[in-house]
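K.L.:
This is the structure I have questions about; it appears just below.
None of the figures in this text is laboratory data; all of them are computed from the coordinates on show. In this text the structure is predicted, and so the values were computed from the model without any measurement. Please note: Cβ atoms are built from the backbone with ideal geometry, for glycine as well, and neighbour counts cover all protein chains shown.
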Amino acid sequence: MTSRIIGTGSYLPETVVTNDDLSKIMDTSDEWISSRTGIRERRLVKEETTASMAAEAAKRALENAGVSADEIDLIIVGTITGDYVTPSTACEVQAAIGAEHAVAFDLNAACSGFMFALSSAHAYLQANLAKTALVIGVETLSKIMDWNDRSTCVLFGDGAGAAVVKRDEVGLSGLDIGSDGAKGMVLACPNRTNNNPLVQTDKTLRYTYMDGQEVYKFAVTTVPESIHRAVEQAGLEIPDIKYFALHQANIRIIQSVAKRLRVSVDKFPISLDHCGNISAASVPILLDEMNRKGMLERGDKIVMSGFGGGLTWGTAVLTW
Ligand code: ACO
């Protein structure tokens, strides 16, 4: 017995911001952004919140799966940009969709958030602690970007993706999850500082910073190794895989991973051109787009792989 994804959903904010739009408010250009990253536009929230996007993606996934909110007994949300420290985004989703019987909690694994949430849901399902899980990746990254730092803010966007997961005979067959906390500071966003009566620290807001070249090196070495381990665990070989749904950080990372795996880049679907990098949301949004375009047929072998802050990575091999 394993765990199977039986439905997907996603939500992108209404407002489209193109590279040309950004070039009107900062010193950048469509040529710089698209040639280095593959990103042409991203969606940014205006009215939407992290919880509202997650709830909408969840509703669409439930509809796609033909499952009612009442049947959900576990909600795990991967996010680093919840609207509140407490309640969790997962508890807000529970209330918004009326999943009264669910245990709900958030998990922080940055861009690997959906993969960590999926593997956690798998463990709950296999331990018979839950029967039907909702796994969500959601981010409002625009609120943790320094919009005066053109080297980071142009890369990211906002949005949510969700999957309904159930126990089944076929589904997940390989999992490789890992962390390297020693390298955490190459991609970091500080939390609020302590300002108790004994400690007075800087109260200015602090934003995301990144050593882009170190992140690049980490991604192009770790991701192919992780994919090899997960595919081997599944008893498969790389040519058996129909699609590699990777975290959408940067087209150059994806091209390099494809080359290192000796696989045509055509097997790597892309959403970063119209979404940018949405951290924990990027893998489930991509999967939902593939599903709704009819790219996935029952029995297909798919790899999903997330990587990023922590540093963390997570790869799953599954049969659709
Ligand atoms: N527009 C125009 N110029 C810019 C911009 C911009 N938006 N941002 C930076 N520049 C300039 C810099 O100021 C610098 O100018 P200088 O040479 O005069 O000093 C020049 O461009 C080069 O800057 P670098 O930061 O060295 O740019 P680099 O070539 O490394 O490209 C990039 C940056 C695309 C982020 C690259 O490092 C990369 O691909 N990193 C991979 C990591 C990644 O994609 N992270 C995404 C998030 S992490 C994750 O999701 C896992």
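K.L.:
Need one number: % antiparallel among DSSP beta bridges in the chain, to the nearest 5.
P.N.:
Restricted to the chain, the bridges split so that about 70 percent are antiparallel.
K.L.:
Assign one of three labels to the stretch 1-50, namely rounded, prolate or oblate, based on the Cα gyration tensor with a ≥ b ≥ c the square roots of its eigenvalues; rounded applies when a/c is under 1.5, prolate when it is not and a/b is larger than b/c, and oblate otherwise. Please list the in-between numbers first.
P.N.:
Values: a/c = 4.47, a/b = 1.90, b/c = 2.35.
It comes out oblate by the Cα gyration axes.
K.L.:
Let me ask something additional. At 0.36 nm per residue, minus the direct Cα-Cα distance, what do Asp20 and His101 gain on full extension? Give it in nm, one decimal, please. Don't jump to the answer; show the numbers that get you there.
P.N.:
Details: separation 81, 0.36 × 81 = 29.16 nm, distance 4.63 nm.
Using 0.36 nm per residue and subtracting the Cα-Cα distance, I get 24.5 nm.
K.L.:
Lys and Arg at +1, Asp and Glu at -1: add these up for the other residues within a Cβ distance under 14 Å of Asp30 and post the number. It would help to have the intermediate numbers written out before the result.
P.N.:
On the way: positive: Lys24, Arg36, Arg40, Arg42, Arg150; negative: Asp20, Asp21, Asp27, Glu31, Glu41, Asp273.
Taking every other residue near Asp30 into account, the sum is -1.
K.L.:
While we're here: What spacing in nm lies between the two simple spin-label points modelled at Glu297 and Ile270, each 7 Å away from Cα in the Cβ direction?
P.N.:
Between Glu297 and Ile270, the label points sit 2.5 nm apart.
K.L.:
Using alpha-carbon pairs under 8 Å, 6+ residues apart, how would you state the relative contact order of the chain in percent? Please list the in-between numbers first.
P.N.:
On the way: 804 pairs, mean separation 83.1, N = 320.
So the answer I get is 26 percent.
K.L.:
Could you pull out the trypsin sites (Lys or Arg not before Pro) across the stretch 219-291 that fall in loop regions by DSSP (anything but H, G, I, E, B) with no more than 11 other Cβ atoms inside 10 Å?
P.N.:
Listed in order of number, the matching sites are Arg262.
K.L.:
Scan the chain and report its longest stretch carrying no GluC sites (Glu not before Pro) that are both in a DSSP loop and have at most 13 other Cβ atoms within 10 Å.
P.N.:
Working: sites that count: Glu14, Glu47, Glu100, Glu169, Glu237, Glu297.
Excluding the exposed sites themselves, the longest stretch runs over 101-168.
K.L.:
Here's a follow-up. Please list, or write none, the lysines whose alpha carbon is within less than 23 Å of the alpha carbon of Lys217, excluding same-chain residues fewer than 8 places away.
P.N.:
By straight Cα distance, Lys217 reaches Lys183, Lys259, Lys267.
K.L.:
Oh, and also: Can you check what the net charge comes to around Ala99, using other residues whose Cβ is under 10 Å from the Cβ of Ala99 (Lys, Arg +1; Asp, Glu -1)?
P.N.:
Numbers: positive: none; negative: Asp70, Glu71, Asp73, Glu100.
In short, -4.
K.L.:
Still on this model: What do you get for Rg/Rh over the chain if you use C-alpha atoms and the Kirkwood form of Rh?
P.N.:
Working: Rg = 18.7 Å, Rh = 19.5 Å.
Ratio value, two decimals: 0.96.
K.L.:
Note the direction-averaged projected area, equal to a quarter of the hull surface, for the Cα convex hull of the stretch 151-264, in nm².
P.N.:
Mean orientational projected area (the stretch 151-264, Cα hull): 11.1 nm².
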